[in-house]
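These notes are about the structure you will find just below.
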Amino acid sequence: MLKWALIFAVIALLAGGLGFTGVAGAAAGIAKLLFFVCVAGFVLFLALGAFVGKKIAGG
């Protein structure tokens, strides 16, 4: 998912540089959304791993 966020960010930069502001804005919005979904998933799985790890280890 982070790969797609990077791809859309590059598309936004290229489109913005060429003057396609509508496409650049849309691609930047998609890249931002994918990035924050990826970060939220990472934090969620990090927290789940910490809690489940403590239960498995017996602590």
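Values quoted throughout were computed directly from the atomic coordinates according to the rules given, and no laboratory measurement underlies them. Being a predicted model, the structure only gives us computed values, none of them experimental. Don't worry about glycine lacking a Cβ; one is built from the backbone with ideal geometry, like all the others, and counts go over all protein chains shown.
The table that follows gives values for the structure above.
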{"read-out": "Set of lysines with alpha-carbon distance to Lys3 below 30 Å, sequence-local pairs under 8 removed", "value": "Lys32"}
{"read-out": "Average projected area [Cα convex hull, the chain], square nanometres", "value": "4.0"}
{"read-out": "With Cα atoms, 0 to 90° folded angle of helix 2-18 axis to the chain main axis", "value": "20"}
{"read-out": "FRET E, pair Leu46, Leu18, Förster distance 35 Å, beta-carbon r, rounded to 0.05", "value": "0.35"}
{"read-out": "Under Karplus coefficients 6.51, -1.76 and 1.60, residue-wise ³J(HN,Hα) of the range 23-30 in Hz, glycine/proline x", "value": "5, 5, x, 5, 5, 5, x, 5"}
